[in-house]
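These notes concern the structure reproduced below.
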Ligand code: ADP
């Protein structure tokens, strides 16, 4: 499988991204999330459900048995290691499997179980005795389609009569006859070709239509129109499902155009806070001086893992070199790497093979990447317990936006966390100019959380 294209080198990390690049980033980040994620994302918020027919009983399930899945599917679910439905699945699955089938718009952040939910719905609705396409799922990119395909293959492991076809570019097909695979997953352009020009699929025979990652989809030129054209060809009775990690107005407008009479399920993203995070700043004179201070910090406290953010790739490279020379195991994450290379670096850091991860802002917007990473192990000195290790987030440069203004959101994503369960953290900001100090002061003011001065020549106070 070639996953290279999504992460091809294309720009500097210095902040001046074009709109097109930003859009492409969405798909890359989504893919990266899928590649590195292992588990369900925790979310303690309540699921909000808006039923199309408020009079019909709202029902949710706490077990997979309650869904009366086909035995081969239930076996597949357990084989993957799912014990019970995720929060969003508790509501989405009964709705999707209801008779008659219900349309659904569902929104929750990535990692909450949306893919697994619609895959299960598609596999449940398929009749393997019929050798034509019955379920159609469209994804924003080739790589994302392949990831979803893998989930279908995993879940359908004991349901081998059901076959899957990939409608993605480069997949040459003769126009001669209809395909026999019951499930088709692909990108909008190719799926449209398969339905129209090549006539490989009869859209009227599709029973379940899934539009995945709607927010990423509409960020790509042309995908929105293609999706709508596909949807228009489906029969009236076709079940239509739309999923999105975020819900800006543009996604809503699109969702309402493609999903008639929808039920709506929302799980709000858990808010991040800076509570329980000790924030410091260190005054330095230069880049070299910042590195020197960093060494002092390493000399004074036992750091389990550190994640260090630099503004430019050049600084990140330089710092990685310096830290390696000092004997640290350093991972470097930057924009010129392919998405697979990035996933591999993050994975190594996650399992502790690397103790330091140096990165530019390249993935900062998708804070999920970082949430797990640094504060997964709550090493923190507790009263009465002696030697403990700490994990640290270091802003080697303060986060700024394209115009050079303080980027509060990115600051929060790097340092903050969700959940209120006693996870503590340590964050250190390196400051080497009046301007940087000013930025940090504004960030401090924005969050109304004190950022304390740390004197790295006298580090007693950090303990
Ligand atoms: P999303 O589509 O919302 O990003 P996924 O369906 O990909 O989420 O699920 C995220 C991760 O959680 C995947 O690794 C998936 O295997 C796992 N997962 C999904 N549903 C469950 C469940 N009910 N129990 C345990 N793990 C699950």
| For the range 222-250, how many residues meet the condition of being modelled with pLDDT under 95, within 20 Å of the chain's Cα centre (by Cα) and under 22 Å from residue 95 (Cβ atoms)? | 3
| Conditions (1) away from the ligand (no atom under 16 Å from the Cβ); (2) assigned to a loop (DSSP other than H, G, I, E, B); (3) crowded, with 24+ Cβ neighbours inside 10 Å; number of the one not met by residue 136 | (2)
| request: Kindly check whether there is at least one residue in the range 63-78 that is over 24 Å from the mean Cα position of the chain (by Cα), more than 16 Å from the ligand (Cβ to nearest atom), outside any helix (DSSP H, G or I) and within 22 Å of residue 107 (Cβ to Cβ). | output: no
| query | How many of the residues in the range 215-263 are within 16 Å of the ligand (Cβ to nearest atom) and in a strand (DSSP E or B)? | reply | 4
| request: Taking the options 165, 117, 121, name whichever one is in contact (Cβ under 8 Å) with a residue 12 or more places away in the chain and either within 11 Å of the ligand (Cβ to nearest atom) or under 20 Å from the mean Cα position of the chain (by Cα) (or both). | output: 117
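Can you tell me which of 109, 89 is near the ligand (Cβ under 9 Å from one of its atoms) and modelled with pLDDT under 95?
109
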| said: For the range 73-96, give me each residue that is surrounded by fewer than 18 Cβ atoms within 10 Å (Cβ to Cβ) and more than 22 Å from residue 46 (Cβ to Cβ). | reply: 74, 75, 78, 79, 80, 81
| task | Go through the range 197-212 residue by residue and tally those that are within 16 Å of the ligand (Cβ to nearest atom) and either over 29 Å from the mean Cα position of the chain (by Cα) or closer than 14 Å to residue 165 by Cβ (or both). | result | 0
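The values are calculated or read from the model by the stated rules, or taken from the named source; none is laboratory data. This one's a predicted model, so the numbers in the text were calculated from it and none came from an experiment. A quick note on method: Cβ atoms are made from the backbone with ideal geometry, for glycine too, and the neighbour counts reach across all protein chains shown.
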